[in-house]
Amino acid sequence: MAPPKLPRLDALDVDNRRVFVRVDFNVPLGNDGTVRDDTRIRAALPTLRSLRERGARLVVASHLGRPKGRVVPALSMEPVAARLAELLDCEVRLPDEVVGDAARRLVLETRAGQITMLENLRFHPGETSNDPEFAKALAELADAYVNDAFGTCHRAHASVVGVPRLIPERAAGRLLAKEVDALSKVAYDPAHPFVAIVGGAKVSDKAELLDALVRRLGRGDAVLVGGAMANTFLYARGEAVGASLVERDATATCRRIVDLAAGREVDLLLPVDAVVARSPEAARGEVRVVGRDPIAEDEAIYDIGPATAKAFAERLDGAATVFWNGPMGMFESPAFAEGTLAVARAVAACEGFTVVGGGDSLAAVAATGVGDRIDHLSTGGGASLAFVEGRTLPGIAALTGEEAA
Ligand code: ADP
Ligand code: MG
């Protein structure tokens with residue numbers, strides 16, 4: 001399997017042409033209705049700036065929240081358009097609809113370098129259902145198509161799949177190209193030794209990821225399992241886990257992955273000690289570390305212990321490729337954050353190519369302040385995991401013109 005070859009933004013003829021840019025401006029809004037965190041808007045600026053400089057007439061579109069196909073005024077793109085206007089220091093025009101006469105008129109009046117943003121794509125039921133009529137209405141607004149919304153590429157929605165299939169001239173935006181470039185080094189022909197770290201709450205969420213990673217690894221490589229997910233692995237091995245979060249119906253999956261790893265001579269490391277407490281609200285003084293000594297019936301595992309953190313860090317030393325998804329414990333509480341923070345520091349210290357993905361994992365990296373020492377922080381969430389699993393994302397297939405898997 002080869003990584004996708006994306007059509008390049010620089011090769012697209014955009015001068016004085018209407019360019020539809022699908023961005024991911026699904027930002028958190030504050031109680032006052034303004035943009036609380038503009039990271040996602042900033043992430044699209046390189047693409048938008050480049051297109052403006054080259055004289056494109058921009059039609060920018062995104063979804064925001066889950067309005068479920070109805071117009072929900074609180075989810076209007078208005079605050080997003082206002083923030084984008086500030087960041088680019090230019091006017092951003094917003095019709096009060098996604099498609100229709102008013103939207104078409106504003107788009108046709110858009111001159112070179114100017115921006116029109118469409119209303120929330122999910123105000124229209126045709127977006128998530130990939131309705132052909134809706135896709136056609138969107139496609140008629142533009143001469144060329146750019147996708148810079150990596151985080152939605154795993155969804156076969158109209159603006160992600162239907163529109164590009166109707167517009168032959170299309171390209172990947174800078175953000176999308178950067179994500180695909182970095183994640184391809186993990187998903188296709190990675191440098192070895194490869195160490196994957198997988199944590200988070202549920203085995204069932206990450207079973208396919210674990211499976212795909214183990215199949216890509218061999219002797220000398222390792223998978224480090226932490227988080228509540230590790231509880232299920234320990235339980236499947238017959239160990240006592242007290243009142244820990246465990247998925248009793250996922251034990252067969254755990255055994256299958258353990259066997260797969262053993263068959264490929266991949267080291268699968270489980271925690272050798274843990275931070276346990278009687279309540280998730282426990283403060284630092286109310287937790288204890290258990291190694292070989294048993295956990296009580298009413299205690300639960302909320303973090304990997306120091307010996308595990310040390311073993312994981314040692315395994316990361318010397319890795320040529322590292323992919324990390326999922327915290328090692330309930331890191332939102334300071335009493336249970338140390339394992340995750342230690343892993344974040346160890347990933348940052350690794351000389352190899354390092355990639356971290358997942359909303360909570362990125363929050364943990366941000367909390368340690370080591371983000372700039374990690375090669376790639378993938379903002380894609382579900383899309384990042386699907387890509388690392390080796391799947392063809394519908395939005396990427398639509399760009400390259402291949403059939404979706
Ligand atoms: P990501 O967003 O990085 O993909 P996940 O959403 O899969 O990560 O998992 C993160 C969640 O898992 C966090 O809310 C964290 O509190 C929870 N978690 C991790 N370990 C434990 C544990 N031992 N007990 C309970 N919850 C845990
Ligand atoms: Mg999460």
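The values are calculated or read from the model by the stated rules, or taken from the named source; none is laboratory data. Bear in mind that the values here come from a model prediction, so they are computed numbers and not experimental data. Positions of Cβ are generated from backbone atoms using ideal geometry, with glycine treated the same way; all protein chains shown enter the neighbour counts. Please note that ligands, DNA and RNA were not included when accessible areas were found on the heavy atoms of the full protein model with its side chains. Shrake-Rupley method; radii C 1.70, N 1.55, O 1.52, S 1.80 Å.
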Please work out if Phe323 is in the same structural domain as Phe194 (by TED's automatic domain parsing), touching a helix residue (DSSP H, G or I) at 6+ places or on another chain (Cβ under 6 Å), at pLDDT 95 or above and under 23 Å from Val198 (Cα atoms).
yes
Given the structure, is Arg391 more than 14 Å from ligand 1 (Cβ to nearest atom) and either assigned to a helix (DSSP H, G or I) or in contact with a strand residue (DSSP E or B) (Cβ under 6 Å, 6 or more places away or on another chain) (or both)?
no
Checked the range 367-380 for anything of a type outside the set (Val, Ile, Thr) and either open to solvent by less than 30 Å² (accessible area, probe 1.4 Å) or over 13 Å from the mean Cα position of the chain (by Cα) (or both); matches are Ala367, Gly369, Gly371, Asp372, Arg373, Asp375, His376, Ser378, Gly380
Can you confirm whether the range 388-398 contains a residue that is crowded, with 23+ Cβ neighbours inside 10 Å and of a type in the set (Ser, Thr, Tyr)?
no
Do we find a residue being under 22 Å from the mean Cα position of the chain (by Cα), among the hydrophobic types (A, V, I, L, M, F, W, C) and within 24 Å of Glu133 (Cβ to Cβ) anywhere in the range 16-23?
yes
Before we move on, is Arg111 over 29 Å from the mean Cα position of the chain (by Cα), modelled with pLDDT of 95 or more and open to solvent by 10 Å² or more (accessible area, probe 1.4 Å)?
yes
In this structure, is Gly200 of a type outside the set (S, T, N, Q), within 16 Å of ligand 2 (Cβ to nearest atom) and in contact (Cβ under 8 Å) with a residue 12 or more places away in the chain?
yes
Can you name the condition, by its number, that Val186 falls short on among (1) under 17 Å from Phe20 (Cβ atoms); (2) in contact (Cβ under 8 Å) with a residue 60 or more places away in the chain?
(1)
Subset of the range 190-199 (residues that are in contact with a Ser or Thr (Cβ under 8 Å, 6 or more places away or on another chain) and within 16 Å of ligand 1 (Cβ to nearest atom))
Gly199
For the range 22-35, enumerate the residues that are of a type outside the set (Lys, Arg) and either in contact (Cβ under 8 Å) with a residue 60 or more places away in the chain or under 13 Å from Ala149 (Cα atoms) (or both).
Val23, Asp24, Phe25, Asn26, Val27
Counting residues that are open to solvent by less than 20 Å² (accessible area, probe 1.4 Å), outside the structural domain of Glu133 (by TED's automatic domain parsing) and closer than 30 Å to Thr39 by Cβ, which strands (runs of 3 or more DSSP E) fully inside the range 157-258 reach at least 3?
194-198, 222-225
Residues satisfying the stated conditions in the range 343-365, i.e. more than 12 Å from ligand 1 (Cβ to nearest atom), under 30 Å from Glu281 (Cβ atoms) and out of contact with any strand residue (DSSP E or B) (no Cβ under 8 Å at 6 or more places or on another chain)
Arg345, Ala346
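Every residue, every condition in (1) within 15 Å of ligand 1 (Cβ to nearest atom); (2) touching a Leu at 6+ places or on another chain (Cβ under 9 Å), yes or no:
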{"residue": "Ser159", "(1), (2)": "no, yes"}
{"residue": "Ala172", "(1), (2)": "no, yes"}
{"residue": "Tyr188", "(1), (2)": "no, no"}
{"residue": "Leu213", "(1), (2)": "yes, no"}
{"residue": "Leu217", "(1), (2)": "no, no"}
{"residue": "Ala230", "(1), (2)": "yes, yes"}
{"residue": "Phe233", "(1), (2)": "yes, yes"}
{"residue": "Val241", "(1), (2)": "yes, yes"}
Taking the condition of being within 20 Å of Gly173 (Cα to Cα), touching a Ser or Thr at 6+ places or on another chain (Cβ under 9 Å) and surrounded by 23 or more Cβ atoms within 10 Å (Cβ to Cβ), how many residues in the range 65-98 meet it?
1
Name every residue in the range 309-356 that is within 16 Å of ligand 2 (Cβ to nearest atom) and either without any contact (Cβ under 8 Å) to a residue 40 or more places away in the chain or surrounded by fewer than 22 Cβ atoms within 10 Å (Cβ to Cβ) (or both), in order of residue number.
Phe331, Glu332, Ser333, Ala337, Ala344, Val356
Counting only residues that are modelled with pLDDT of 95 or more and either surrounded by fewer than 13 Cβ atoms within 10 Å (Cβ to Cβ) or assigned by TED's automatic domain parsing to the domain that holds Gly381 (or both), how many does the range 14-35 have?
1
